[in-house]
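A short worksheet on the structure shown next.
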């Protein structure tokens, strides 16, 4: 009775043990590895497990092999000659080659009766066979090769294929590596085994149908429905009942690394899924891939660098050109008188219009401030394209810089650029005299005392230039715009851009005519030779302009041209000399001084050089050291005498006091002159008949000698009786 009670308990215990053994056996028939860290794999050759869990079959060393096997065998059939059961394998791999199109030799998953492949060779034998046992039935292995090298010995289709191998490396079926997607199963997509991109392989054997299917796909793609390879083969004729599973790989003459990242296996069921999120990272091989940020930043930085360098180069070139000067060896001796263009450029703020003081016929004048010395300067820019005579010109400029007189604007020095000269003068705060004479909106009217002081100052400066300095200096451009005023309204003669120098006691050389129309002496048209007396002529015009407040050549209200000399001379002949004084003075002037300076201006501007005083005589007149000049009746108009001179009358033979005209046997006195239809007309008072002679005589009283000379026929000079 007691034994009957213990029977159910024994049956339960036996059933529990059977279940446990079945569970254990079931657990041993499958596995899934997302990393190989800590696994007891059987490794040989170059195979190793990296610290981060990668199974590295080859390490890049040439002509090596490597194997990795599960440590225990699996039972693929119930008996030694039994039918091989169904099984499934999945694994994740990557292959790195320095040159993807030339690589060797690939990875093979293998099911083998043994895990000892010590007699197998590397290179094209992939560590599975040697040159004597390829295809031997005694090999008892089944493999799926991922072959990256084409070998004619094994009839490989190309260097990028997947093959099913039985007991050797001559595949029973093979295909170019790739896959079919489920969207369009008829479309084949190539996959490059050596791209170093992670891919996954599924191997499935159906024991009932004796069918082998191999599928390949990128790692993040689900297993495609259509396999890459499908072939029928009874593995019962190949595999033993107990067999090992693992991987084999080898290298040849080219660097290659073969990695397995994950692996799963199962008997009589699909292979467990591999958790791809837990797969180890592949090591970086080859050039480090640049990040997207660097791909954007580096081109932008490069472009910015090139732009900055290009801009800098352009600015440096422009700066160099901006401050470029012309310097020659002979200028060394003039060093202290030479300014750098850079200093003048900065002093005038780049020659801006706001610093423009005036524009003349020979250049523009700018105000500037030298930063180092805080000296105010005036810079005149003159075009000068010719190199001829440059050395002599610079020498004269430097010499002029040595002039010291209270009524001269100090010339500090010069600068040379290509096609340009810059003269640096002392800055005069009150500007030029012509603005005070004509630009009355901004400046008050000059008083008579100021005008008379200015005339005396310029006369004193010219005397210094002509006679008192170590060399003779011809200014050649005396006019109100070249006379500057200091803070006390003293006249300072400036702008020596046209000045010429020569030694005392020598004759000035003939040169081209320079100066300003209206101030040029008439003899320059014939001789082209500037002399102190040509400066005296310009000074005479200057004196008349300052007193009258009128320009040398002006327009009347009727639009006719008015010559200042003739206009003053006409008033002088009519006894109305003081009426030419500037009306802006409103009669507030010294009569004696006005009469003196007007007569002096007419005398200095006489067309005939031998009738003009020199500057020492001018100063004697102005200082009252000599009686005022007496203009005799023969002081003809500028136009008349100039025209007579141009028609061939030599002024040297027309004496200082041209007074008497012979009218048959009677004597008349010339009282005036004019031009009618291009013919000079002389007015005279005479007694007797009014008819014209075919010829007339002019009696001259030159040097106390009585001389006669015949003028041209009456067709050239016409004599009329004065109505006075």
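Derivation of every value follows stated rules applied to the coordinates shown; laboratory data play no part. All values derive from a computational prediction rather than experimental measurement. Reconstructed Cβ throughout: ideal geometry from the backbone, glycine too, with neighbour counts over all protein chains shown.
What is the distance, in nm, between label points placed 7 Å from the Cα along the Cα-to-Cβ direction at residue 467 and at residue 116?
Taking the simple label geometry, residue 467 and residue 116 are separated by 13.7 nm.
Can you grab the distance from the C-alpha centre of the stretch 479-505 to the C-alpha centre of the stretch 111-156, Å, no decimals?
Spelled out, the Cα-based centre of one part sits 111 Å from the other.
Could you please rank 567, 263, placing first whichever residue has the fewest other Cβ atoms within 10 Å of its Cβ?
567, 263
Report the calculated FRET efficiency for residue 61 and residue 309 (r = Cβ-Cβ distance, R0 = 60 Å), to the nearest 0.05.
Between residue 61 and residue 309 the formula returns 0.80.
Grab the Cα-Cα distance for residue 294 and residue 210, subtract it from 0.36 nm times how many residues apart they are, and report the gain in nm with one decimal.
24.8 nm
From the square roots a ≥ b ≥ c of the eigenvalues of the alpha-carbon gyration tensor of the stretch 432-631, which class results: rounded (a/c under 1.5), prolate (a/b over b/c), or oblate?
Rounded, because the longest to shortest axis ratio a/c is under 1.5.
Along Cα→Cβ, 7 Å out, is where each label goes; now give me the distance between the ones at residue 382 and residue 556 in nm to one decimal.
For residue 382 paired with residue 556, the spin-label model returns 3.8 nm.
Return the FRET efficiency for the residue pair residue 370, residue 570: r is the Cβ-Cβ distance, R0 is 35 Å, and the value is rounded to the nearest 0.05.
0.10
Two-decimal Rg/Rh of the stretch 28-278 from alpha-carbon positions, Kirkwood Rh?
Dividing the radius of gyration by the Kirkwood radius yields 0.93.
From the square roots a ≥ b ≥ c of the eigenvalues of the alpha-carbon gyration tensor of the stretch 171-235, which class results: rounded (a/c under 1.5), prolate (a/b over b/c), or oblate?
It is prolate, given that a/c is not under 1.5 and a/b is the larger ratio.
For the stretch 552-613 and the stretch 194-212, what is the centre-to-centre distance using only Cα atoms, to the nearest Å?
With the stretch 552-613 and the stretch 194-212 each reduced to a Cα centre, they are spaced 123 Å.
Separation between the residue 316 and residue 183 pseudo-spin-labels, each 7 Å from Cα along Cα→Cβ, expressed in nm?
So the two model labels end up 5.6 nm from each other.
Classify the stretch 34-105 as rounded, prolate or oblate, taking a ≥ b ≥ c as the square roots of the eigenvalues of its Cα gyration tensor: rounded when a/c is under 1.5, otherwise prolate if a/b is larger than b/c and oblate if not.
Prolate, because a/c is 1.5 or more and a/b exceeds b/c.
Want the number for residue 75 to residue 192: 0.36 nm per residue separation, take away the alpha-carbon distance, what's left?
Between residue 75 and residue 192, full extension yields an extra 38.6 nm.
For 472, 98, what's the fewest-to-most ordering of other Cβ within 10 Å of each Cβ?
In order of increasing Cβ crowding within 10 Å: 98, 472.
Just to verify a number: FRET efficiency for residue 354 and residue 625, C-beta to C-beta distance, R0 = 51 Å, to 0.05?
Computed FRET efficiency for residue 354 and residue 625 comes out at 0.60.
Round to a whole angstrom and tell me the spacing of the C-alpha centers of the stretch 397-433 and the stretch 237-278.
Spelled out, the Cα-based centre of one part sits 98 Å from the other.
Sorting 247, 31 on the 10 Å Cβ count, fewest up front, what's the list?
Least to most surrounded, the residues fall as 31, 247.
For the stretch 172-301, what is the relative contact order in percent, using Cα pairs closer than 8 Å and at least 6 residues apart in sequence?
Computed over the stretch 172-301, the figure is 16 percent.
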